[in-house]
Amino acid sequence: MYNRRELVTLTLAGLAAPIFNAYVFTRGRDTAVGVQTRSFRDLHRLSGADPIDGVIAALVSCRVHHCELFAPQIEPQFVMSHGHHGMSSMARQMMRRELRKWRLRAPESQFRAIGQRFEMAGIAIAAFDYSPDASFSDEEIDAGFVMAKALGAEILTASAAPDIAARIAPFADRHRMVVALRGDAAAADPNAVGSVASALRLSKWFRLSLDIGDLTAANVDPIAFLRGQYRNVATLRLKDRRRNHGENRPWGQGDTPIRDVLRLVRDENWPIRGFVDYAYEGPAAPVDEVKKCLAYAAEATT
């Protein structure tokens, strides 16, 4: 993990570049795709260290200029997905309440400052991955939009579960912000693709976030789906999976037509952002595996 001084040195050395407002696949090698920052899953929080520096340094090292920022990476870790398996349900509930308090009390200036740090490194927060579930209060859902706008994000990505999407819709309308609904259910049931698309009717600000690996695993052709729905698609999660609910694979070893998808979006000049979602277990560190994915994408679009 880089400290702040090392990060500034990297930036001044020319690894960072100006923010590009254009969409992807139209600016050449360095701006072809971005990264979903959840991909850097080895960036553990250290006592006294600012985790945001680690995320920015990883993006700078990968020479990308826009990202989909994973919300837990900028939130206090009151709730973690690991390390608390033996915790009592009461303790988990207490931690969940503390996280809610933080979301509702954190000032906008805090998120504007985070966005400025990314911008200084030449990285645009194009999308903010904030995923309400049934435990979220309406105030927490609203807070996600406030955070996203303060960070400078164009898009908020969220669950497409019908009940959650219905709750998000009035906030999307109020904030006049694009929400890219993730078609997570499509990975388990190809019929769910239609229900995800039908959710678009809930708000004029709703679009789709397609995980082309999960579509492939559900035996849905990403190319055919994109040709039919490209007007409704805001973002792509890029990963490689086997068909028939198969596993995630290193890029080029699965059945997902990543190259064809990237070339299609580029050639049609569709305003769709794409993000590497490193999901397989590679032999190298996640930052290095993400670099391999980016090189694969660059080769496909040059």
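See the values below:
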read-out: Close pairs (7 angstrom Cβ cut-off, 6 or more residues apart or separate chains): within 21 Å of GLY152 (Cα to Cα) in the stretch 162-182, part of a helix (DSSP H, G or I) and among the charged types (D, E, K, R) anywhere; value: PHE171/ASP142; HIS175/LYS149; MET177/LYS149
read-out: Any hit, the stretch 126-147, residues being farther than 19 Å from PHE206 by Cα, in contact with a helix residue (DSSP H, G or I) (Cβ under 9 Å, 6 or more places away or on another chain), crowded, with 18+ Cβ neighbours inside 10 Å and in contact (Cβ under 8 Å) with a residue 40 or more places away in the chain; value: no
read-out: Single condition LYS292 does not satisfy, out of (1) modelled with pLDDT of 95 or more; (2) touching a helix residue (DSSP H, G or I) at 6+ places or on another chain (Cβ under 9 Å); (3) surrounded by 15 or more Cβ atoms within 10 Å (Cβ to Cβ); value: (2)
read-out: Hits in the stretch 235-249 - residues which are in contact (Cβ under 8 Å) with a residue 40 or more places away in the chain and more than 19 Å from THR301 (Cβ to Cβ); value: HIS245
read-out: Residue match in the stretch 66-85 (condition: free of Cβ contacts under 8 Å to residues at least 60 places away in the same chain, of a type outside the set (A, V, I, L, M), in a helix (DSSP H, G or I) and touching a helix residue (DSSP H, G or I) at 6+ places or on another chain (Cβ under 7 Å)); value: yes
read-out: Residues of the stretch 186-233 that turn out to be within 21 Å of TYR278 (Cα to Cα), at pLDDT below 90 and part of a helix (DSSP H, G or I), as a count; value: 2
read-out: MET87 being over 22 Å from the mean Cα position of the chain (by Cα), surrounded by fewer than 17 Cβ atoms within 10 Å (Cβ to Cβ) and either at pLDDT below 75 or of a type in the set (A, V, I, L, M) (or both); value: yes
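The values are calculated or read from the model by the stated rules, or taken from the named source; none is laboratory data. In this text, all values refer to a predicted model and were calculated from it rather than measured experimentally. Cβ coordinates were reconstructed from backbone atoms using ideal geometry, including for glycine residues, and neighbour counts include every protein chain displayed.
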